[in-house]
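Asks: The following block contains the structure, expressed as structure tokens.
We did not get these values from a lab; they are worked out from the coordinates using the rules stated. Given the structure is predicted, the values throughout are model-derived calculations rather than measurements. Neighbour counts are summed over all protein chains in view; Cβ atoms, including those assigned to glycine, are modelled from backbone coordinates with ideal geometry.
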Amino acid sequence: MKNPEEIFEILKDKFGEVIIELFSDKPTESFISVAPLEIDKVCLYLRDKEGLNFKSLMNLSGIDDANGEKIKDENDNEIIQGGTLSVFYHLESIDLKHKVTLKVSTDRENPEVASVEEIWRAADWHEREAYDMFGIKFLNHHNLIRILMPYDWEGGYPLRKDYQNPEFYKGMKVPY
Amino acid sequence: MALKTEEMVLNMGPQHPSTHGVLRLELVIEGEIIKSVTPHIGYLHRCFEKHCEVMTYPQIIPYTDRMDYLASMCNEFGYVIAVERLMGIEVPERVEYIRVIMAELQRIASHLVAIGTYGADIGAFTPFLFCFRDREKILNLFEITCGARLLYNYIWIGGLMHDLHPDFIRLTKEFIKEFRPNLKELNDLLTFNQIFIDRTANVGILPAETAINYGITGPNLRASGVNWDLRINDPYSIYDRFDFKIPVGKGENGTVGDCWNRYYMRILEMEESLKIVEQAINQIPDGDVSSAIPKRVKPPAGQIYSRVENPRGELGYFIVSDGSVNPTRIKVRAPSFVNMVVFGELCKGHMVADVVAILGSIDIVLGEIDR
Amino acid sequence: MKNYILKFWQILFTIMIGMKVTFRHLFIPAVTIQYPTVRPEMPERERNRLYVNMDDCIGCLQCERACPVNCIEIEIVKSIPGEDLGITSNGKKKALWVTKFDIDIAKCCYCELCVFPCPTDCIYMTDVYEFSEFERDNFIYDFVTLTPDEKEEKKKNYEEFKLKKEAEKAIAAEKKAEEEAAKKKESGTESENTTDDKPE
Amino acid sequence: MIYDWLYSLTGSEMIAIGVQSLLPLYLFILPFALVAVLLERKVAAHMQDRLGPMRVGYHGLLQTIADILKLLQKEDTVAADIDKKFFDLSPLLVFAGSYAAFAAIPFSGAFMGSNIDLGIIYIVAVTGLVVAGILMGGWASNNKYSLLGAMRAAAQIISFEIPTLLIVVTVIMITGTMNLYTMSEWQTGYFWNWLILGGPDFGIAKILLTPLMLMAFLIIFLSTLAEVNRTPFDIPEAESEIVAGYHTEYSGMKFAIFFLAEYANMFAISAVVSALFFGGYQSPFGYLGNLLEIGWLIPIEQFFWFTAKGVFFVLVQMWLRWTLPRFRVDQLMSFCWKYLIPISFVLLLLVGLITVL
């Protein structure tokens, strides 16, 4: 049983620069911020290291931070430029009964995060969903295609805050 | 001499009697043997998470009902707990008891559907109707309490919509009395039927290590022999006050983690749920159920991941709030969604008939997978 | 060999047990009812078709705001002084004409969230559960008691009243401005800029 | 016999044959199917604590007639890429197979379609025609589910013919005849003369034969059940797996013919089982006609007893169907090859020994 502070110390010792910061202000649950392209190594360590044993990935969730600059495009639609998209990882150890939350933030224009699908197969569909909804690309994912939206959806990524409904999908009017 | 065979692609669904909704399975089969299975989901996508961004917190509750529509009470329960934790609301004792009673009754109702439809998948139609007959009684209990039979919107942030109906306790006691023999009858008719055991035992074996790695939760994980139940291991609400056991798969009729075990877990869990309901209705205190309902639900900025044990597994709500009346992001970790990932793996090498058996034993609800 | 016979016996035996159960059920009375002829009794908290008692509605828009699916559409017009709208049954004074109160029952999700905020308890769910229609438009229930002419009249009344009031206000404002200007001329020219661009 | 009577009445062989061959259809199969469909629905409903059809007529008595009227009016939907000829032929062939079986079934001492000496073998052979029909329908439908269903049906029906035949041979060894009429006559008298209780010859052989015959009855009942694709052996049309199997693409009246064939088959196997083991049309307690010395009453009584026995076994089939889950394809096969066939071989040997000694 370890609390997030201890886990943060362990990770900081091991990975140094990769582990960015520990946020632990209430009422927010504390989470550890990690560099996006190194998350898979951190996760593998968390899973296999004796005394950490994070065998289970509870949840993986994309989120649009919407912290960029809001500008108007030519059609007068508000779009967000710059800023970040984030992914939250909620890990849990079934034997040791402790939890930790990791967060990676990646560039909005070219969102790339290392995939943890190889580490926890549970991440497979979660990552596909995050890709589907936010357009976050998970590198090394074996089958990164849309999952809830149609496979050939071209209207963008719906859960981004500046998402606009497309007018037509294959000749069908979308807002019916 | 080996016969030359060709693979055939068989599209199972989106409309098929036993895909439990609009799920499409792309089976590559060789004769009757499955080479690979690719599930295609999204036919029931209703943009729950996008809707949430423009809705106030209480308005989201009816939407959570519609995710796992067989376990609406549990969905509400999970969501409400998440928001209450974010806001730091303490709810009255009576509310907690009523919530637990409702959630456990709902668990029984949900498992009854799972078991009944599983019987129908295997080919026995009569248990299906027996299960629905009993479920109907639970729905009647819900109906007198909140007026709805399926999508309740009963558990509110900080309280409940109504107090219990005056008849509720009496009717629940009657139900429990009637239900125990019915459960035994169900066991006679289906659970221990040798044909049923032959169909389900040693089929779709899910070892514990794989199950954890795939994030499987709920009865499916316990059937693999892992003693893990959030009601005991990470207690929420007042579950630590009740005396009940967690059934774990033992492989009575085959291997640990096969379809029969997954099915049998649900039977055993119903018995445990009955015990909880019995204890809860005997201990329930008096009180006001709406005293803690906040006038205006406006959680502070922050994020929380809160989870409850749904009939199908761990239902998690990841709520990010920016301090306004609308959540920034709600991600639902739907148990069926995660449990479904392993499905393709389980089916390999089995027969077409087993696909149905395995799918039924995982017990998915498409409303929750597609959200 | 022993297993072989045991298995065969097991199959036969469990089949017999199952047959016993189903045979017993042949003589148990049915639990179903013959629905359209026999109807179940609805519990008192039943949540079905919405109904609005317009006599009590004060047009506060609470239900419209509470609805998670936006199936309620309300338009209100302020009354002009001198019009008597009556009072609701629990003694609140009405001050608004409701010119549109549409509920698209096809959209309604029966969550009952609109019922609780209502200050006069005028919107509630009834136990009517059979209301299928052949035309989708028939699902839009119009609860307004005013005739179309009356609606127009109320709108016009209010428009006129508003215009009148604005005119009055404008006159008053002009007067005031003039007075102030006069005052300022008296007191000096320092604060001239700020007073000139007053709204209205 | 009815044929002789008709011949003497009309003087024309053609009319006599025609009337006689159509009699079972109009007098028996169609009315039976009407009743059986309703019966099945009612039995199922009451086993499941429901009421079943209740609207048309008293307790839904006329429901099947209403259904048939509906089916007749329905559009005969035909998918685009089917093989039309075979698609149309298939239901007829399936029905022909089960209808032809009725020719050799002894309904009573006075009426029997055709009193052929190979009776029982003929029935087993002619029901094999059903396989051709099913395969044809499954293939012509150009539907993967239909194809799977047809393949399953072919494998299943052909495998289960083996234990059926073995038991039939066992019975033939005891009775010494393949003629169902003779066989029924042989079991005349009271119910202890039935083959299930060792036949009419008293002695040590009867005691030895009784348990063996019980076993034989069980096996032939199960294997014929599998031949007509009823639960728990209904895998060719397992609706939860392959939608409706070989008749997925059929609708309207063609589907109704499949349905009719299924119910006709149900009765056919019940009739065969009762003719072999339960004395056929023989009354268990002697005849009222003999008592009152009214000669013409006896065939009617015999017809009654035969129908009663048949309907009883049909009821048992329904009872099984609404109780049991279904087997899987491979389990079904292993059930046949590992249990039914070896046991029936052993039975054959034992019965052979007993009859020789």
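Asks: Just to check I understand the Karplus step: with θ = phi - 60° and J = 6.51 cos²θ - 1.76 cosθ + 1.60, what whole-Hz values come out for segment B:21-27, glycine and proline as x?
Replies: For segment B:21-27, the Karplus-derived couplings read x, 9, 10, 10, 10, 9, 9 Hz, x marking Gly and Pro.
Asks: Return the FRET efficiency for the residue pair B:Y69, C:K185: r is the Cβ-Cβ distance, R0 is 56 Å, and the value is rounded to the nearest 0.05.
Replies: Efficiency computed from Cβ-Cβ geometry: 0.15.
Asks: While we're on this one: To make sure I understand, if each residue's beta carbon is the centre and we count other beta carbons within 10 Å, what order do C:E179, A:E9 fall in, fewest to most? Provide the component values of the computation, followed by the final result.
Replies: On the way: C:E179 10, A:E9 13.
Fewest-to-most Cβ neighbours within 10 Å comes out as C:E179, A:E9.
Asks: I want to make sure I understand the PRE zone here: with the label point 7 angstrom from the Cα of A:D95 toward its beta carbon, which residues in segment A:41-73 have backbone N atoms less than 20 Å away?
Replies: A:42-58
Asks: Note down the nm distance, to one decimal, between modelled labels 7 Å out along Cα→Cβ at B:E26 and at B:A292.
Replies: 4.9
Asks: Right, next: Quick one: Cα centre-to-centre distance for segment B:237-302 and segment C:27-71, in angstrom?
Replies: With segment B:237-302 and segment C:27-71 each reduced to a Cα centre, they are spaced 30 Å.
Asks: I'd like the FRET efficiency for B:K250 and C:F139, computed as 1/(1 + (r/R0)^6) with the beta carbon distance as r and R0 of 56 Å, rounded to 0.05. Don't jump to the answer; show the numbers that get you there.
Replies: On the way: r = 54 Å, r/R0 = 0.96.
Given R0 = 56 Å and the Cβ-Cβ separation, E is 0.55.
Asks: Ranked by Cβ crowding within 10 angstrom, fewest neighbours first, how are C:T37, B:T117, C:T145 ordered? Don't jump to the answer; show the numbers that get you there.
Replies: Details: C:T37 8, B:T117 20, C:T145 11.
Listed from fewest to most nearby Cβ atoms, that is C:T37, C:T145, B:T117.
Asks: Here is a follow-up. Given just the C-alpha atoms of the protein assembly as shown, how large is their convex hull per residue in cubic angstrom?
Replies: On the way: hull volume 281.0 nm³, N = 1104.
That works out to 255 Å³ per residue.
Asks: Quick test of the membrane-span-like rule: which DSSP H helices of chain D reach at least 18 Å along their long axis (C-alpha atoms) with mean Kyte hydropathy at least 1.0?
Replies: Numbers: long enough: D:30-47 (25 Å, 1.28); D:84-101 (27 Å, 0.73); D:144-175 (46 Å, 1.44); D:204-227 (35 Å, 2.01); D:252-277 (38 Å, 1.52); D:297-321 (36 Å, 1.09); D:341-356 (22 Å, 2.77).
Once both thresholds are applied, what remains is D:30-47, D:144-175, D:204-227, D:252-277, D:297-321, D:341-356.
Asks: Label D:L62 and A:H142 with points 7 Å out from Cα along Cα→Cβ: what is the distance between them in nm?
Replies: Once both label points are built, they end up 6.3 nm from each other.
Asks: Would you mind calculating the gained length between C:E174 and C:K2 on full extension (0.36 nm times residue separation, minus the Cα-Cα distance), in nm to one decimal?
Replies: Length difference between fully extended and current span is 50.8 nm.
Asks: Can you list residues whose amide H is under 5 Å from B:G249's amide H, if they're 5+ apart or on another chain and H is modeled 1.01 Å from N?
Replies: B:A223, B:S224, B:G225, B:V226
Asks: Taking only the alpha-carbon atoms of chain D, what semi-axes of the equivalent ellipsoid follow from 5 times the gyration tensor eigenvalues under a square root, in whole Å, largest first?
Replies: 33, 26, 20
Asks: Give a residue-ordered list of calculated ³J(HN,Hα) values for segment B:366-371 (Karplus: 6.51 cos²θ - 1.76 cosθ + 1.60, θ = phi - 60°; whole Hz; x for Gly, Pro).
Replies: 3J(HN,Hα) across segment B:366-371, in whole Hz: 5, x, 8, 5, 8, 6.
Asks: Taking the Cα-to-Cβ direction at C:L26 and at B:R46 and moving 7 Å from each Cα, how far apart do the two end points lie in nm?
Replies: 4.3
Asks: I've got another one for you. Report, by chain and number, residues whose modeled amide H sits under 5 Å from the one on D:D234, excluding near sequence neighbours (fewer than 5 apart, same chain).
Replies: Under 5 Å from the amide H of D:D234: D:F327.
Asks: For chain B, modelled as a GNM with alpha-carbon contacts under 10 angstrom, which of B:N213, B:N202, B:N182 fluctuates the most?
Replies: Highest fluctuation among the options: B:N213.
Asks: To the nearest 20 debye, what charge dipole does the protein assembly as shown have about its Cα centre, counting +1 at the Cβ of each Lys and Arg and -1 at the Cβ of each Asp and Glu? Intermediate values should be presented prior to the final figure.
Replies: On the way: 108 positive and 143 negative charges, 599 e Å.
Dipole of the protein assembly as shown, to the nearest 20 debye: 2880 debye.
Asks: Continuing with the same structure: Placing +1 on the Cβ of each Lys and Arg and -1 on the Cβ of each Asp and Glu in the protein assembly as shown, which of B:N75, C:A182, B:P219 has its Cα farthest towards the positive end of the resulting dipole?
Replies: Among B:N75, C:A182, B:P219, the one farthest towards the positive end of the dipole of the protein assembly as shown is B:P219.
Asks: Another question about this same structure. Sum up the charges of everything whose Cβ sits under 15 Å from the Cβ of D:P236, counting Lys and Arg as +1 and Asp and Glu as -1, but leave D:P236 out. Provide the component values of the computation, followed by the final result.
Replies: On the way: positive: D:K144, D:R152, D:R230, D:R321, D:R326, D:R328; negative: B:E32, D:E161, D:E227, D:D234, D:E237, D:E239, D:E241, D:E249, D:E262, D:D330.
Here the charged neighbours net out to -4.
Asks: Quote the FRET efficiency, to the nearest 0.05, computed for D:L71 versus B:Q15 with a Förster distance R0 of 30 Å and r equal to the Cβ-Cβ distance.
Replies: Details: r = 22 Å, r/R0 = 0.74.
Efficiency computed from Cβ-Cβ geometry: 0.85.
Asks: At 24 Å minimum axial length over the Cα atoms and a Kyte-Doolittle cut of 0.0, report the qualifying DSSP H helices in chain B, or say none. Don't jump to the answer; show the numbers that get you there.
Replies: On the way: long enough: B:93-122 (43 Å, 0.42); B:126-146 (30 Å, 0.32); B:168-186 (26 Å, -0.43); B:259-283 (36 Å, -0.47).
The answer, listed by residue number, is B:93-122, B:126-146.
Asks: Right, next: Could you tell me which of the pairs A:K103/A:K161; A:K12/A:K99; A:K14/A:K49; A:K137/A:K173; B:K250/C:K20; A:K72/A:K161 are separated by over 21 angstrom between their Cα atoms in the structure shown?
Replies: Numbers: A:K103/A:K161 19 Å; A:K12/A:K99 17 Å; A:K14/A:K49 11 Å; A:K137/A:K173 29 Å; B:K250/C:K20 28 Å; A:K72/A:K161 14 Å.
Violating the 21 Å limit, Cα to Cα: A:K137/A:K173; B:K250/C:K20.
Asks: Through the Karplus equation 6.51 cos²θ - 1.76 cosθ + 1.60, θ set to phi - 60°, convert the phi angles of segment A:139-156 into ³J(HN,Hα) values in whole Hz; use x for Gly and Pro.
Replies: Residue by residue, segment A:139-156 yields 5, 6, 6, 6, 8, 8, 10, 4, 10, 8, 7, x, 4, 9, 5, 10, x, x Hz.
Asks: Sticking with this structure for a sec: Just add up the charged neighbours of C:K7: K/R +1, D/E -1, any other residue whose Cβ is under 13 Å from the Cβ of C:K7. All intermediate terms of the calculation are to be shown ahead of the outcome.
Replies: Numbers: positive: C:K2, D:K338; negative: B:D198.
My count for the surroundings of C:K7 gives +1.
Asks: What is the fewest-to-most order of C:K93, C:K100 by other Cβ atoms lying within 10 Å of their Cβ?
Replies: Numbers: C:K93 10, C:K100 14.
Fewest-to-most Cβ neighbours within 10 Å comes out as C:K93, C:K100.
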